[in-house]
1. Taking the conditions exactly as written (on the phi > 0 side of the Ramachandran plot and either assigned to a helix (DSSP H, G or I) or surrounded by 15 or more Cβ atoms within 10 Å (Cβ to Cβ) (or both)), does residue 98 satisfy them or not?
2. Find all pairs meeting these conditions: Cβ atoms under 8 angstrom apart; at least six residues apart or on different chains; first residue within region 17-39 and at positive phi and without any contact (Cβ under 8 Å) to a residue 40 or more places away in the chain; second residue part of a helix (DSSP H, G or I) and surrounded by fewer than 19 Cβ atoms within 10 Å (Cβ to Cβ).
3. Going through region 43-82 one residue at a time, which ones are modelled with pLDDT under 85 and over 17 Å from residue 7 (Cα atoms)?
4. If I ask for residues that are loosely packed, with under 13 Cβ neighbours inside 10 Å, in a loop (DSSP other than H, G, I, E, B) and at pLDDT 80 or above, which ones from region 108-123 would you list?
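The values are calculated or read from the model by the stated rules, or taken from the named source; none is laboratory data. Remember, it's a predicted structure, so these values are computed and weren't measured experimentally. Every residue, glycine as well, gets a Cβ built from its backbone with ideal geometry; the counts of neighbours run over all protein chains shown.
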């Protein structure tokens with residue numbers, strides 16, 4: 001199974017995704033690592049990415065997801081938690097490489113997320129792109145939705161319960 005933990009910048013995708021992966025004994029991957037350097041530089045400067053900017057990134061992610069689905073010691077696929085914004089429906093359709101892919105939407109208010117971003121250190125994506133992320137966000141109707149007001153361990157417990165991975 002591939003669980004894609006999605007949401008806007010600062011929603012907690014990496015924190016929650018990493019903890020979920022650790023608890024399940026699954027591989028954790030961060031979609032940020034798949035961005036070309038030109039995208040990283042734009043984000044660092046507070047410039048929103050366009051669909052054109054995101055196209056090679058989404059293609060690389062789709063390739064990785066397809067590979068993970070095909071891997072595994074008995075051919076059943078590799079279990080992976082992927083932290084990925086997946087803001088638009090079209091992006092999620094690109095990433096949905098089969099029934100093994102499930103989306104978990106980390107939902108929170110702009111004010112809470114902005115507060116978290118102001119406290120965050122060491123990441124190239126900051127508060128300057130938050131507005132554009134919310135503008136691009138097409139909230140999923142078919143994802144597991146979890147409110148981010150709770151601490152990460154509680155969020156992970158809720159995700160596991162809703163996905164039947166408790």
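1. Working: on the phi > 0 side of the Ramachandran plot: yes; either assigned to a helix (DSSP H, G or I) or surrounded by 15 or more Cβ atoms within 10 Å (Cβ to Cβ) (or both): no.
When the stated conditions are applied, residue 98 does not pass them.
2. none
3. Residues of region 43-82 that are modelled with pLDDT under 85, as a first pass: 43-49, 71-77.
Passing the criteria: 44, 45, 46, 47, 71, 72, 73, 74, 75, 76, 77.
4. Matches in region 108-123: 109 only.
Residues are listed down the side, and each one gets a yes or a no for (1) more than 20 Å from residue 146 (Cα to Cα); (2) surrounded by fewer than 16 Cβ atoms within 10 Å (Cβ to Cβ):
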| residue | (1), (2) |
| --- | --- |
| 27 | yes, yes |
| 40 | yes, yes |
| 68 | yes, no |
| 83 | no, no |
| 86 | no, no |
